[in-house]
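Inspection log for the structure reproduced underneath, given as structure tokens.
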Amino acid sequence: MTIPQTKHAYFEGEIVPIEQASISVMNQTFNYGTGAFGGIRGYWNDSEQQLFLFRPADHFRRLLDSAKLLRFDLTHTPDSLTAALRQLLKAEGWKNDVYIRPLAYVTTEGIGARLHNLDHDIAMFSVPFESKLKEEGAHVTFSAWRRVDDNHIPPRGKIIGAYVNSALIKSDAVLAGFDDALVLNNDGHVSESSGSNFFMVRNGVASTPPVTANVLEGITRRTLIELLRVELGLEVIERQIDRTEVYLADEIFLCGTGVQLVPVTRVDHRPVGTGELGSLTRELYELFSGVVRGKVEKYRQWNIPVYD
Ligand code: PMP
């Protein structure tokens, strides 16, 4: 089956041909990174012939919060953005899994890094995006870079300029032969990876750094905390995590809208637990995969249908 390509964008309040959705080289966000973005998934449910958006209002709430940190003045709401997104996806007519990229940006052109006296808008586009469980797991290292700090560029929001930090972390890890890297805060504790949140399981307890540890307030993180507690009956603690605890973990996984749920089976050439995909990670992945695709009745409130 050939998967169709992107044809439209939501731009300046309308659905337009993708070629029309372009901005000037003089654009402020292009010059200074002063914008925010998001990443949302749509999952194709073949038996229902439906495309389900996963927690779009939560993603748009975070986008608007990220924009708020940058003093954006927007009239959009999570509901109005979800409606616009449904319209965009209907225009595309996708019948496959997709990834949606909303961007909150400064529309003003010209010189001068600042956050005041500027105009703003939101644009969106979608691309086909499949994913499957990485059975062999990922091999990660600890990055030599440190995580951006709340007092530098707040990482709790998805701020465009802050992703230079993620890009440095990711490329150095990949070029050194790893799949990704975990990154420490300036105080030496674990934050997350270049583009996903971190969980470890040790002695039957799951731990993840708190939202005050310079992590993105991940929607997948929030989802998995709930599924681990409610469905798998596990204790989940949000707390500071030391580097050497990571080396002693029984299971580790990374999570995010882009990566979904990735088991980490090696850290710095040390096996995590047995060095194989752990049973809890597999169970959680199966559960999560059903939930996002609208196959678990109890969590259907998280699945927003695109087609009428
Ligand atoms: N951390 C970082 C740095 C990210 O870029 C992402 C992906 N958006 C995440 C965590 C996961 O967030 P979410 O589950 O909301 O996609």
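The values are calculated or read from the model by the stated rules, or taken from the named source; none is laboratory data. Note that the coordinates shown come from a computational prediction; the quantities given were computed from them, not determined experimentally. A quick note on method: Cβ atoms are made from the backbone with ideal geometry, for glycine too, and the neighbour counts reach across all protein chains shown. Accessible surface is based on the protein model in full, side chains and every heavy atom, while ligands, DNA and RNA are left aside. Shrake-Rupley method; radii C 1.70, N 1.55, O 1.52, S 1.80 Å.
Has segment 65-88 got any residue that is under 23 Å from THR223 (Cα atoms), charged (D, E, K, R) and away from the ligand (no atom under 16 Å from the Cβ)? Scanning segment 65-88 turns up at least one residue that is under 23 Å from THR223 (Cα atoms), charged (D, E, K, R) and away from the ligand (no atom under 16 Å from the Cβ). Assess whether SER131 counts as being modelled with pLDDT under 95 and within 16 Å of the ligand (Cβ to nearest atom). Against the criterion (modelled with pLDDT under 95 and within 16 Å of the ligand (Cβ to nearest atom)), SER131 qualifies.
VAL262 satisfies every condition listed in (1) within 19 Å of ARG147 (Cβ to Cβ); (2) aliphatic (A, V, I, L, M); (3) within 16 Å of the ligand (Cβ to nearest atom); (4) open to solvent by less than 10 Å² (accessible area, probe 1.4 Å) except (4). Got at least one residue in segment 212-233 being assigned to a loop (DSSP other than H, G, I, E, B), touching a helix residue (DSSP H, G or I) at 6+ places or on another chain (Cβ under 6 Å) and away from the ligand (no atom under 16 Å from the Cβ)? No, segment 212-233 has no match at all. Is segment 293-302 home to any residue that is touching a Leu at 6+ places or on another chain (Cβ under 8 Å), at pLDDT 95 or above and of a type in the set (D, E, K, R)? No, that holds for no residue.
Taking the condition of being surrounded by fewer than 16 Cβ atoms within 10 Å (Cβ to Cβ) and under 20 Å from the mean Cα position of the chain (by Cα), how many residues in segment 162-190 meet it? Residues flagged as surrounded by fewer than 16 Cβ atoms within 10 Å (Cβ to Cβ) and under 20 Å from the mean Cα position of the chain (by Cα) within segment 162-190 amount to 4. Residues in segment 88-132 that are small (Gly, Ala, Ser) and closer than 30 Å to GLU48 by Cβ: 5 in all. Filtering segment 119-156 to residues that are touching a Phe, Trp or Tyr at 6+ places or on another chain (Cβ under 8 Å) and in a loop (DSSP other than H, G, I, E, B) leaves PHE129, LEU133.
Take SER131 and tell me if it is under 23 Å from GLY38 (Cβ atoms), surrounded by 17 or more Cβ atoms within 10 Å (Cβ to Cβ), touching a residue at least 24 places away in the same chain (Cβ under 8 Å) and among the polar types (S, T, N, Q). In short, no. Only one of the listed residues (SER66, SER80) is within 27 Å of GLY161 (Cβ to Cβ) and in contact with a strand residue (DSSP E or B) (Cβ under 7 Å, 6 or more places away or on another chain). That residue is SER66. The number of residues in segment 36-66 that are over 16 Å from the mean Cα position of the chain (by Cα) and within 19 Å of LEU85 (Cα to Cα) comes to 6. Does PHE52 satisfy the condition of being surrounded by 15 or more Cβ atoms within 10 Å (Cβ to Cβ), assigned by TED's automatic domain parsing to the domain that holds LEU85, among the aromatic types (Phe, Trp, Tyr) and within 19 Å of VAL106 (Cα to Cα)? When the stated conditions are applied, PHE52 does not pass them.
Does ALA91 satisfy being farther than 22 Å from LYS158 by Cα and in contact (Cβ under 8 Å) with a residue 60 or more places away in the chain? In short, yes. Criterion first (more than 22 Å from VAL164 (Cβ to Cβ), within 15 Å of the ligand (Cβ to nearest atom) and open to solvent by less than 20 Å² (accessible area, probe 1.4 Å)) does ARG41 satisfy it? Yes: the conditions hold for ARG41.
Does segment 174-199 hold any residues that are in a strand (DSSP E or B) and either touching a Ser or Thr at 6+ places or on another chain (Cβ under 8 Å) or away from the ligand (no atom under 11 Å from the Cβ) (or both), and which are they?
Of everything in segment 174-199, those that are in a strand (DSSP E or B) and either touching a Ser or Thr at 6+ places or on another chain (Cβ under 8 Å) or away from the ligand (no atom under 11 Å from the Cβ) (or both) turn out to be ASP180, ALA181, LEU182, VAL183, LEU184, VAL190, ASN197, PHE198, PHE199.
For segment 19-29, which positions are under 29 Å from LYS90 (Cα atoms), open to solvent by 50 Å² or more (accessible area, probe 1.4 Å) and touching a residue at least 60 places away in the same chain (Cβ under 8 Å)?
ILE23, the sole residue that qualifies.
Selection of segment 70-121 for residues being open to solvent by 30 Å² or more (accessible area, probe 1.4 Å) and at positive phi yields ARG71, GLY93, ASN117.
Look at (1) open to solvent by 10 Å² or more (accessible area, probe 1.4 Å); (2) away from the ligand (no atom under 15 Å from the Cβ); (3) touching a residue at least 24 places away in the same chain (Cβ under 8 Å); (4) over 25 Å from ASP65 (Cα atoms) and you find that ARG270 fails only one, number (3).
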